[in-house]
1. State the three equivalent ellipsoid semi-axes of region 468-553, derived from the C-alpha gyration tensor as the square roots of 5 times its eigenvalues, in descending order and whole Å.
2. Give the shape of region 8-203 as rounded, prolate or oblate, defined through the alpha-carbon gyration tensor: a ≥ b ≥ c are the square roots of its eigenvalues, a/c under 1.5 means rounded, and otherwise the shape is prolate if a/b is larger than b/c and oblate if not.
3. Give the distance, in whole Å, between the Cα centre of region 419-492 and the Cα centre of region 599-625.
4. How far apart, in nm, are two points set 7 Å out from the Cα along the Cα-to-Cβ line at residue 481 and at residue 606?
5. Given the Cα-Cα distance of residue 536 and residue 251 and 0.36 nm per residue of separation, how much length would full extension add, in nm?
6. Is the shape of region 443-623 rounded, prolate or oblate, going by the alpha carbon gyration tensor and its root eigenvalues a ≥ b ≥ c, with a/c under 1.5 for rounded and a/b larger than b/c for prolate?
7. Among 104, 288, 116, which comes first, then next, by fewest other beta-carbon atoms within 10 Å?
8. Quick one: order 399, 51 by neighbouring beta-carbon count within 10 Å, fewest to most.
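Where a number appears in this text, it was derived from the coordinates with a stated rule and is not lab data. Keep in mind the model is a prediction, meaning the values are calculated, not measured. Every residue, glycine as well, gets a Cβ built from its backbone with ideal geometry; the counts of neighbours run over all protein chains shown.
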């Protein structure tokens, strides 16, 4: 019997107002581990073909894994998933802080929520089980205010996951926040909550899960934490995560041509590089470390802008946020970008998609597709920080007209406003592309096209980090690359597949991938998994677990309507070069063949579907459809 898990999930039916715990067979954990794997399993088990994202039959699943609660740096991560509002297939996202640990301390590995409440509610989960409580007085409040009200009612020991007005009003990329600093950012899980009249889930438990070898975990943790701290201390200050968090990425990415500039139409933005991220981030935002529980690398920041129109105190923007809201919009004012990001957090809007839709709108305004009559009189020009802030409010409140359409995503907006504006909608499968430029490493384009966990999602593949973050997987055969290989398709299919499986293993364990920037590796991960579970896995076993989860997610894609053509319907901008910078003239020619090569490497057929041989090799006959 696998250790490190409870073999129990909490089932909550909002339509019936009922809840109960359900035992989960050990074999499910042996196959899919937890976290992302458990999300995929419950979607497969309970969400039939034809289920829509806002149907009561959709499941919202919050899941921990065997590492949750292990007191290791990075083990504060947790995962959630559903059928997503934007791509209308299975999706997932992850957050940190302490919510996942508190949920697991309630004696459960996951919460599976179905149905729709008759009126607004929140769910309280403790050692005693679940209570469905009235939230009429909280509905209409922002996400942070909802947390404050619930903690005042239930006690400060309870952690809260809540959504804001954008979630209530079903913005397709509405998110879920916890602790006012961490987010289930992508894929619209806040809108799934809104569709169920669910404002929040609050959790607190006192139970400790039994691990196979607790002393070994303590030994490993002590050594790992020391090594990661020592490794960070050797880096120049501008690359120390605890000093400025993911804002270090500007200095890392700009020389590679990896930034999104002016809706990905330009290569360089010197003013942005000078003002966004790095030392200006720390100095202008008064950034201080704001770590998750047990974390030693401390990538989150608490920031404070003391005066002016963008004054605020709260979460500092991550790289993806200030890249998409800054570089992508030609806004170089760090305070304005941070303030707009915090508005998005309060409304519950994913800042990646938000930056993508605002860039589409600014380009549409520039090209005459949108006029001031469409923009509520706002001068929606590139670099206009005040216009950006005002449009965030319009989208967050789902103001009729442009604000509402931008809340549907840029592909939906382009279809509505027309006039050829789909040409600069940098999105596919209904979801905006993240802040990693495919011209800087072609494998990014391949990852966006072939991802099965959450559509075109950088964090569910991460293969760009071979060059972007200099992250390799030597245990799985990726032990050396040359710089020029970033523009080659040689080995791209194999590398992309390995990173997809790697991300699924990490997100099922559940663990924070940011630890890898501080020397954490697959050997470390496997050692802790084995100490927690007692499974005595090899690296081959670990990889096969990742393969099974990826395959299950692909089976779900097909169930919910994926077609081969979807992988080839990438943004037109993918094939538009820029004329300056490190990636000048580079476009991912050969991408179509690379997608087919990826299919073949994965043992999918030419239509992109898992073959019987793959299913048999993984022992997944029971899951084939």
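1. Taking √(5λ) for each eigenvalue gives 23, 15, 11 Å, largest first.
2. Here region 8-203 falls in the rounded category.
3. Spelled out, the Cα-based centre of one part sits 23 Å from the other.
4. It is 3.0 nm.
5. Using 0.36 nm per residue and subtracting the Cα-Cα distance, I get 98.5 nm.
6. Taking the square roots of the gyration eigenvalues as a ≥ b ≥ c, region 443-623 is oblate.
7. Values: 104 29, 288 14, 116 17.
Arranged by neighbour count, lowest to highest, 104, 288, 116 become 288, 116, 104.
8. 399, 51
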